[in-house]
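Working notes, beginning with the structure itself.
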Amino acid sequence: MDYPGQLAAILKPRRSSGLLAVDLFAGCGGLALGFEAAGIETIGFEIDADACETYRKNLRGECHQVVLTPSTSLPACDILIGGPPCQPFSVGGLQLGLQDSRDGFPAFISAVKRLRPKLFLFENVRGMLYANRCYFDEIVAALAKLGYAISYKLLNAEEYGVPQRRERLIVVGHETHFTFPLSVGDPVTAGDALLSLAVSTPPESKFLTASMDRYVANYEKASKCIRPRDLHLDRPARTLTCRNLAGATGDMQRVRLPDGRRRRLLIREAARLQSFPDWFDFVGGETSRYNQIGNAVPPLFAWHLAKAVLRQLGTRQLAEPRVVKVRTQRLIQSELAV
């Protein structure tokens, strides 16, 4: 079975655990899809209308369009998950931390305090551990005061079957320290994920012009780029972001075709590199859809996290069929046999 087939087989929303997760700053539902595929019901809360509609269209759970504050009314739940806005901590942002109006942590901490879930989990950018480490320590201290043992680890999605190098900080609170999922083997390449898409030229293709090619060449020369930043099919993709998916910049995610032309990544290509199954349909205009994908937690990565959550809570997990890759067995078979 090829990579898209495996994603379709694994990432199916299902109910089995009897647990409910409230998903804050839910985006289009990448984190929720992984949890629903593990058998955990979800309810999302998200400010962006298109992302909410994408969530509703593809997942079992409802998604409420709302500006989250420390006083937002939320339902009781077993698990609290989410991705508080990362702009205050992103290496590419201004790193204003507490002074940034986009900071979602007061709302998340308030939700933990009011809901008292059995376990909470949030993901964020690696920059929280560096330039904003003082603020991160404040967050951990505030959550620990609520009676939780806090565990955190920097994980790379490429170690969990996602064809993309994507480091994310995962923080978990539970009554005991959390056991993070183990790496599942060799990386899946961009070529494994895209297959024939990587050499296709559908009508919506947007090709780089001669002037854009010159701009890219100057950009790579100035940045001392050793290997062109085109998508290389023999390795995982570099990190997908809103900026390099939707923006026409020197850092653009792009495919070089056999005839030498280069084009921007297609929506479906970007989705596969984020491990969204092909049935997952994004709502909104082109830029909105790229932004939803760039902001998302890779669902396959989220599925591994959700399985670890179920193990932590001692919940019986749904038996699933073993899926084996035709050319290799390097994706996720160790996790499929529970």
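Couple of notes before you dig in:
- Shape category assigned to the range 159-227 from the gyration tensor of Cα positions, a/c cut at 1.5: prolate
- Folded to 0 to 90 degrees: helix 210-222 orientation relative to the chain principal axis, Cα: 60 degrees
- Prolate/oblate/rounded label for the range 213-255 (Cα gyration tensor, a/c 1.5): oblate
- Take 73-82, 44-53, 227-236 and order them by the average number of nearby Cβ atoms within 10 Å per residue, most first; the result is 44-53, 73-82, 227-236.
- Efficiency of FRET between Val199 and Arg114 - r from beta-carbon atoms, R0 35 angstrom, step 0.05: 0.10
- Summarised in one figure, the compactness ratio Rg/Rh of the chain, Cα atoms and Kirkwood Rh, is 0.96.
- Amide hydrogen proximity for Thr239: with H placed 1.01 Å from N in the peptide plane, the residues at 5 or more positions away or on another chain lying under 5 Å are Arg165.
- Angle between the chain longest axis and helix 49-58 axis [Cα atoms, degrees, rounded to 10]: 80 degrees
- FRET E, pair Leu182, Phe207, Förster distance 51 Å, beta-carbon r, rounded to 0.05: 0.75
- Cross-link partners of Lys145 among aspartates and glutamates (Cα-Cα below 14 Å; sequence separation of 8 or more within a chain): Asp137, Glu175
- Selected from Gln164, Gln253, Gln312 as most flexible by GNM, with the chain as the system and alpha-carbon contacts under 10 Å: Gln312
- Neighbour-limited loop hits for GluC sites (Glu not before Pro), the range 171-246 (at most 13 other Cβ within 10 Å; DSSP other than H, G, I, E, B): Glu175, Glu204
- Computed Kirkwood radius, in angstrom, where 1/r is averaged over Cα pairs of the range 115-220: 17.5 Å
- Subset of Lys206/Lys307; Lys57/Lys307; Lys12/Lys206 violating a 28 Å alpha-carbon distance limit: Lys206/Lys307; Lys12/Lys206
No lab work stands behind these numbers, since they all come straight from the coordinates. Computed from a prediction, not measured in an experiment: that's the story for all the values here. Backbone-built Cβ (ideal geometry, glycine too); neighbour counts: all protein chains shown.
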